[in-house]
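Please treat every number below as a calculation from the coordinates, not as lab data. If you're wondering where the values come from, they're calculated on a predicted model, not measured in any experiment. Cβ sites come from the backbone with ideal geometry, for glycine too, and all protein chains shown count toward neighbours.
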Amino acid sequence: MFPLIKLLPAQTNIRFMSFSRVAVIASIVAMLASFAAVFTLGLNFGIDFKGGTLIEIRTPGPADIGALRKKIGALKLGSFELQEFGNPRDILIRVETRPGGEEAQQEVIRKVKAALGEGVEYRRIEVVGPKVSGELTRNGIIAVLMALAGVMLYIWFRFEWQFALGAVGSLAHDVILTLGVFAVTRLEFNLSIIAAILTIVGYSLNDTVVVYDRVRENMRKFKKKSLAEIIDLSLNQMLSRTILTSVSTLVALIALYVFGGEVLRGFTFAMIWGVVVGTYSSIFIAAPILIWLNAKLVDPEEVRKNIPAGP
């Protein structure tokens, strides 16, 4: 039987909260820079949000994505996407909206048909207009905001209001930095990135709840320790679990990023970034907020004592 590989000592005593001020200042600067990048550079919206032409085809045999990408790329139609779904023969082609109105979009369809040639079955052809793309943008924003609101209510119910604000602050930090990195890198921002952001929210929340649960347990156990000492103790107790979870997730995501192809590249990049910032924010954003808000647990005995006796 092989011995387990230990990445960390069995017991660590890192004073995380002594670095919290510097970490929070750095995070605030990064969030301000992200806001500036989003409002000045803007996001590189994909076809889902900008509108365009959607063509669903079925090839005689398993589709050669690389060959199809070269044929359509040679047409110089601007941004486009190819996605295999359901069946290796079924391909979804999306081409961004071309200037020139309806006639320009029909010209796109004609060029794609000419490039693909005979033997291809056209199962669906649609033009996604600005109204539909506007609805998708609005629904994407609503989905993220509702996720944050749901998280706040859940944490408030399970812990206390200070924990709820800490969790939402941590998640908002992750979402803002993710938007900023997409604005700076000019990677395409489409519906799959919205899905990645919601997944990041779930991943970061799981990490934060695990830390908060240990903090709450230690607050009940060590009543004479300061809150900063309790948080440091809790973080050190959970450090091995946090690092092992993050590293194992990153290994899978990096493999998916390298070998998953163009369709999954944006999604996996967002997830890799989200795992990194989510782990960071659980330690240096969610935890310090508890100290600033002077988090305390409600003692059930004290609550019962303060309930007035009946007549």
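Observations
- Take the Cα of Glu121, go 7 Å toward its beta carbon, and the backbone nitrogen atoms of the stretch 50-86 under 15 Å from that spot belong to 56-63, 85-86.
- Here the Karplus relation 6.51 cos²θ - 1.76 cosθ + 1.60, evaluated at θ = phi - 60°, turns the backbone of the stretch 145-154 into coupling constants of 5, 5, 4, 5, 5, x, 4, 4, 5, 5 Hz, with x for every Gly and Pro.
- For Arg89, the residues whose modelled amide H falls within less than 5 Å of its own, excluding neighbours fewer than 5 places apart on the same chain, are Ala63.
- Measuring max minus min along each principal axis, the C-alpha atoms of the stretch 52-128 give extents of 35, 22, 20 Å (largest first).
- Expected 222 nm ellipticity per residue - DSSP helices of 4 or more, -39500 (n - 2.57), all of the chain, to 500: -22500 deg cm²/dmol
- Residue-by-residue Karplus 3J(HN,Hα) for the stretch 244-255, coefficients 6.51, -1.76, 1.60, Hz, glycine and proline x: 5, 5, 5, 5, 5, 5, 5, 4, 5, 5, 5, 4
- Stretched out straight at 0.36 nm per residue, the stretch from Ile254 to Leu75 would grow longer than its current Cα-Cα span by 61.2 nm.
- Fraction of beta bridges assigned by DSSP in the chain that are antiparallel (%, nearest 5): 90
- Scanning residues 5 or more positions from Ile125 or on other chains, those with amide H under 5 Å from its amide H are Glu56, with H placed 1.01 Å from N in the peptide plane.
- Cα-based equivalent ellipsoid, the chain: semi-axes from gyration tensor eigenvalues, Å: 48, 22, 17
- Phi angles of the stretch 27-44 translate, via the Karplus equation with coefficients 6.51, -1.76, 1.60 and θ = phi - 60°, into HN-Hα couplings of 5, 4, 4, 5, 5, 5, 5, 5, 4, 4, 5, 5, 7, 9, 7, x, 8, 7 Hz per residue; Gly and Pro are given as x.
- Amide proton proximity set for Glu84, modelled H, under 5 Å, gap of 5+: Leu92
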